[in-house]
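One structure is given here, and the rest of the page talks about it.
No lab work stands behind these numbers, since they all come straight from the coordinates. Just so you know, these numbers come straight off a predicted model, no measurement behind them. Ideal geometry is used to build each Cβ from the backbone, glycine not excepted, and the neighbour counts take in all protein chains shown.
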Amino acid sequence: MTPDNDLDRDAADVTSLDWADYESAATAVAEAVATATGRDQSELTPLQYAVDADALDRLLDSEAPDDLVVTFTYENRTVRVGDGSVEVSQ
């Protein structure tokens, strides 16, 4: 997935994973943020406080356009979800 803006960021500061390997996009987001922050998922604020996880999953279902990208902030990280991947950056 390519960034949707001109953020100047180092590739080492980005955690990326393929959300197709997970039960849902929301589950992949939680895993990616936990990895990026070095914390267990159970230590994170519930994702629902940052974004409607059910709506995120419905929006990114298999019928979603390939160029759809959802960006939001969670655990003080920028999260981009779309085109089958999750990217977490500072």
- line: Dipole check, the chain, charges on Cβ (K,R +1; D,E -1), about Cα centroid: among Ala64, Val29, Gln48 the Cα furthest to the positive pole belongs to Gln48
field: Nitroxide proxy distance, nm - points 7 Å out along Cα→Cβ at Gln48 and Glu63
entry: 2.5 nm
Square roots of five times the Cα gyration tensor eigenvalues for region 14-89, Å: 19, 12, 11
query: Loop-only check: which GluC sites (Glu not before Pro) in region 11-90 are DSSP coil with at most 11 other Cβ within 10 angstrom?
result: Glu23, Glu63
statement: Checked region 44-83 against the a/c 1.5 cut and the a/b vs b/c comparison, axes a ≥ b ≥ c from its Cα gyration tensor; verdict oblate
